[in-house]
Amino acid sequence: MSMQTTVTIAGVTLQNPVMTASGTFGSGMEYADFVDLHRLGAVVTKGVADRPWAGNPTPRIAETTAGMLNAIGLQNPGIDVFLSRDLPFLQQYADTTRIIVNVCGHSIEEYLTVVERLSDAAVDLLEINVSCPNVREGGIAFGTDAGALHEITREVKRHAKQPIIMKLSPNVTSIAEMARAAEDAGADALSLINTITGMQIDIYRRTWTLANRTGGLSGPAIKPVAVRMVYEAAHAVQIPVIGMGGIACGEDAVEFLLAGATAVAVGAAHFHEPRASLQVIEGIEQYMQDQGVTDVRTLIGAAC
Amino acid sequence: MKQKVTATVRSQRMLAEGIMELVLETELAAEAHAGQFIGLYTADASRLLPRPISICAHTDRTLRLVYRIAGGGTAQFALYGPGMVMEVLGILGNGYPLAPAAGKRALLMGGGIGIPPLYQLACDLSTTAAEVTVILGYRDAQLFLAEDFRGIGGVRVEIATQDGSVGVPGTVLDAAGEEPSPDVIYACGPTPMLRAIQGWAAEREIPAWLSLEERMACGIGACLGCVCQTAEEDPHSHVRNARVCTEGPVFAASEVVL
Ligand SMILES: Cc1cc2nc3c(=O)[nH]c(=O)nc-3n(C[C@H](O)[C@H](O)[C@H](O)COP(=O)(O)OP(=O)(O)OC[C@H]3O[C@@H](n4cnc5c(N)ncnc54)[C@H](O)[C@@H]3O)c2cc1C
Ligand SMILES: Cc1cc2nc3c(=O)[nH]c(=O)nc-3n(C[C@H](O)[C@H](O)[C@H](O)COP(=O)(O)O)c2cc1C
Ligand code: FES
């Protein structure tokens, strides 16, 4: 059976609908021992800011049942190092694998600086992280207020050379309202969900496990919430939606496609299985074969 | 090259209350070096993250691990018996450099569950250093591995116990005070102990190598979960942070802020 696995997002074609979730795959380099990056639909980088960020104090990681909390605080080496070191590495795979740069900032100006620095770079798409719950200034406000989201989306869209994906926070009352705000302001695509704000207390030390007290929950535990939100967002807008949250195997990915996602991202599953992204690709293909699906695009939003 | 492989349990036994020794057969062992570690997975996928465990000793085909039952994951490890299989991520991190001790007097200090990684180091240094002294710090008379250290030819072993029941009463540094000054120090243990050793070594201008501990997710340098503070800007991160899983877990004492 010949199978068609490509999907298109804002005019950019991916060889398959599987990408890596920002912040869980480093710059790609760290996983090269485990994964042939040529096999991936796209690599999404760790959030990049206009200058190096030191991130939060440690502990930054806490395991939870079927999930984990993280409070990295968007540590990153900044756009200069990204352009001189990380991007050339990813370009080695650019014949097959799309490059998506995740952008973060404390203010609209900081986002725009990064977006402008990327304008001449060989990057396919920008993913704008307006939803990291671990950065106190700015970040979260853009992601949880529809007016602020509209404003930053419009500004980024005006300055960006590449199509923009707005990455939405699940920490909102109505994801449909946020999705529409981003679409109205010119977003080319949406991605969701980012992590869900959580907390863990060590009862024997009677204090928080994470130095930041709160952290973002990810992993299999959040999958049903993510599927529901992807469904609601995808049905509220016309632009493509990239689904993520707890995806660990092909079946999980198919569930997101059926809910309305055009592509999916694999995140915390990498920490349990470094080859998770490849297993998801193989699992989708296996499902297509078993179910007689010849074109992956026929799965998108097909739950009825 | 880092890999995730299936290892077979060769043996497991209790060394002291709550302290287990697990021997795994795996091809990863061929690349192991003193001070490096592995990520050990439970069979239960609801525990997402690998547990970092140091290499206590290795041959070309086996890894010997000594761990404390500290929570749900390590409690599950303790149930494994010969012939059973475990998923292992390795070999991870940078171990102890042997060169600084070549032909010199080395002092190794381990506290509690920081003792195991010093065993392979002591074996390796016993043939390359001029003199190897090991100070093992325990809470009480529940010693573990002490006899193994005494079995390494040419290594002198001192014991310190917090309750004073065996050896020098107090900490490893209380015992170190009674020793001639070494040329180089290697240590592993709880952070307060490492901080004290860092200060002690700096005062005496003795180079020291410390193995640090931090909560980890990926174990391979991707998530930035496991950082420690560094004195200077780290060449990878471009901030004063280094990844314990990748640049460490062993750092020069002068490089890190504890
Ligand atoms: C580089 C390195 C080497 C280590 N070597 C050894 C060793 O040789 N022997 C040994 O007994 N212990 C070692 N540890 C500590 C060991 O990793 C923890 O005791 C173990 O992860 C606890 O898991 P758990 O599920 O039993 O506990 P839980 O408390 O249930 O674990 C919950 C989560 O917290 C993490 N965690 C809990 N305590 C620690 C800790 N002290 N350090 C890092 N993560 C922790 C776990 O990995 C897990 O993700 C090492 C830690 C590091 C970082
Ligand atoms: C350790 C870690 C770091 C992350 N860093 C970022 C980041 O820099 N930018 C971002 O937009 N999302 C970040 N995320 C969120 C993930 O990209 C993803 O949206 C979320 O974890 C849900 O997917 P998952 O359950 O598959 O992990 C991070 C997640 C984790 C676990
Ligand atoms: S554990 Fe992920 S970077 Fe060290």
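Every read-out reported here was derived from the displayed coordinates using simple, explicitly stated rules and does not represent laboratory data. Only a predicted model underlies this, so the values are computations on that prediction, with no experimental measurement involved. Note: ideal-geometry Cβ built from the backbone for every residue, glycine included; neighbour counts use all protein chains shown.
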In 5 Å bins starting at 0, how do the alpha-carbon pair distances of segment B:99-257 split up by percent?
2, 10, 18, 20, 19, 14, 10, 5, 1, 0
Exposure proxy check: B:Cys228, B:Cys223, A:Cys304, A:Cys249 ranked by fewest other beta carbons within 10 Å?
A:Cys304, A:Cys249, B:Cys228, B:Cys223
Asserting the computed 222 nm helical MRE of chain B (DSSP H runs at least 4 long, -39500 (n - 2.57) per run, divided by residue count, to nearest 500) equals -4000 deg cm²/dmol
What area, in nm² and to one decimal, does the C-alpha convex hull of the protein assembly as shown cast on average over all directions?
25.9
I'd like the distance separating the alpha-carbon centroids of segment A:213-271 and segment B:99-160, in whole Å.
50
Quick check of the Kirkwood formula: for segment B:1-121, what is the inverse mean of 1/r over all pairs of different Cα atoms, in Å?
14.7
So which lysines can A:Lys161 reach, going by Cα to Cα under 30 Å and dropping same-chain residues fewer than 8 places off?
A:Lys46
